[in-house]
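Student: Quick one: the structure is below, questions incoming.
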Amino acid sequence: MGKFRGRRDGPATTTTTPSSRHCTAPQKYDRNGVLVASTGHERAAKRPKLDHLTSDSFKNGVFLAPMFPTRLMALKHGASLVWGPEVVDKAILHAERVVDPVTVVISYNGKTRAIFTTHPVEKPYLIYQIGSASPELAVQAAKTVVQDHSRRMGAALLINPDLLCDILTSLRKELPPHITVSAKIRLLPSQEDTKRLVERIIRTGVSALTVHCRTRNMRPREAALIERLREIVEFVEGLGIDIPVVANGDCQGWEDAKRVKRITGASSVMIATAAEANPSCFASTPLQDIETTMIPSYLRLCKYIDNHWALTKFCISQFRSTRREVTKEEANKLKARIIKAKGFDELTDLVGSWSGEADFAEIADIIGSRRPRPLLVDSEPEEALQRTSPASGQGDSTDDGPPIATPPDRPNPEPPTSRAPLGPSWDVRIPQPAIITGSDMLTPTPTPKPIFPFGSQ
């Protein structure tokens, strides 16, 4: 059986208030999560209807790759599309679909907890990621959840190209034409091997390809090799196939996405780690002091939609932003209190009234009235494309500095870099706590055992 590796799917969060948030009233859904009516005053202007997506939906955007409810926060602050966590095919096939009669949150529940959670408000923007080693099971899994997704499925695959392409081909063949199928891979050690894999993928009929600009063996703290992607983008264009290529790796926000797009030539940019730290990074001006500007609202939202408490506080533990009025000591004290809490009710004094319904209604209102927001950049001189990213802490690259691209005969930069802007503080992958991951893994990538950098504990 082939073993597929997808990217780490971690949490994230966000909050800001666009001026258009009161253009429309919240939408209503029935017990099955189906939109039935809209109430309140009419919108100032009719927004384009999002019936289904095409390859163009993956162009000129900035995308998010975390879990619910962070996806809602990211959409509120301007994310173009959102990816759900990778879920193994057999897990979703054995899950029970349950719709909350009050919040209309849709959960696919396993034996002990929800395997996947969504809400109709994010349906037009959500990509469901399938982890699979079988074309038949992948198709069954896609058909199981297709009613809760806006015409698209994603697959995060890398090893065993033959099986990878068989799965993508089967998905494209068996799913209706209006459902887009996309793929997500990492760079291979060799640029030529990467291009050969990319060509095979795009000829399966996928609508988009996301490339995480690290090799499989690279650590999160190593700076992403985004400079390698331009050659791949130009290679795809040279094949004469109009497939959007999405860049993933070390992008820190909406404004930084313009830099990544200039360097790579990619159609769009995906943000993961930076959005886990501050989901409002999709706004032109991200929130500061999120301890007061975002965390209270996030707590209210999570309680309203009955988000698992352990997952909620894990997400909050990842939050950080620039500070203007909140001191570092105050921020650490707040997080320590949240982490020690046994449940939402211990934090009532932090959030005031638990009016999560109002927070959710505001998010739904903003998402419902959103307008197209293409990520457009001006062309820059050729020498600008040779600059390293802000993460490197360097100016223009020199012969004495570390290479900005992976040599074709080595899987990692030599010497390896450790300047990813938001990577962990030591050179190991940090496993998610067992209380969140549980014993039944939802991803084909096993969580590593804890490694203590300063000896055994």
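The values are calculated or read from the model by the stated rules, or taken from the named source; none is laboratory data. In this text, all values refer to a predicted model and were calculated from it rather than measured experimentally. Neighbour counts are summed over all protein chains in view; Cβ atoms, including those assigned to glycine, are modelled from backbone coordinates with ideal geometry. All accessible areas refer to the heavy atoms of the entire protein, side chains included, with ligands and DNA or RNA removed. Shrake-Rupley method; radii C 1.70, N 1.55, O 1.52, S 1.80 Å.
Student: Skip the ligands, DNA and RNA, and give the accessible area per residue of region 120-270 with a 1.4 Å probe, whole Å².
Tutor: 31 Å²
Student: Counting only protein heavy atoms, what percent of the accessible surface of region 205-318 is carbon or sulfur at a 1.4 Å probe?
Tutor: The computed percentage sits at 44.
Student: How big is the Kirkwood radius of region 329-368, worked out from every pair of different alpha carbons and given in Å to one decimal?
Tutor: 11.9 Å
Student: List, in the order given, every pair from Lys76/Lys340; Lys195/Lys258; Lys76/Lys261; Lys143/Lys258 whose Cα-Cα distance in the structure shown is over 26 Å.
Tutor: Pairs exceeding 26 Å: Lys76/Lys340; Lys143/Lys258.
Student: Let me ask something else about it. Based on the alpha carbon coordinates of region 68-144, what radius of gyration and maximum Cα-Cα distance (Dmax) apply, in Å?
Tutor: In Å, with Rg to one decimal and Dmax whole: 12.9, 37.
Student: Arranged from highest to lowest average of other beta-carbon atoms within 10 Å per residue, in what order do the peptides 69-78, 106-115, 321-330, 182-191 appear?
Tutor: Averaged packing, sorted descending, gives the order 69-78, 182-191, 106-115, 321-330.
Student: How large is the Kirkwood hydrodynamic radius of region 102-225, in angstrom, based on all distinct alpha carbon pairs?
Tutor: Here the Kirkwood hydrodynamic radius works out to 15.7 Å.
Student: Can you give me the relative contact order of region 49-200 as a percent, contacts being Cα pairs under 8 Å and 6 or more apart?
Tutor: Once normalised by length, the contact order is 20 percent.
Student: Still on this structure: Return a whole-number percent for the relative contact order of region 217-273, with Cα pairs under 8 Å and 6 or more residues apart as the contact set.
Tutor: Answer for region 217-273 is 40 percent.
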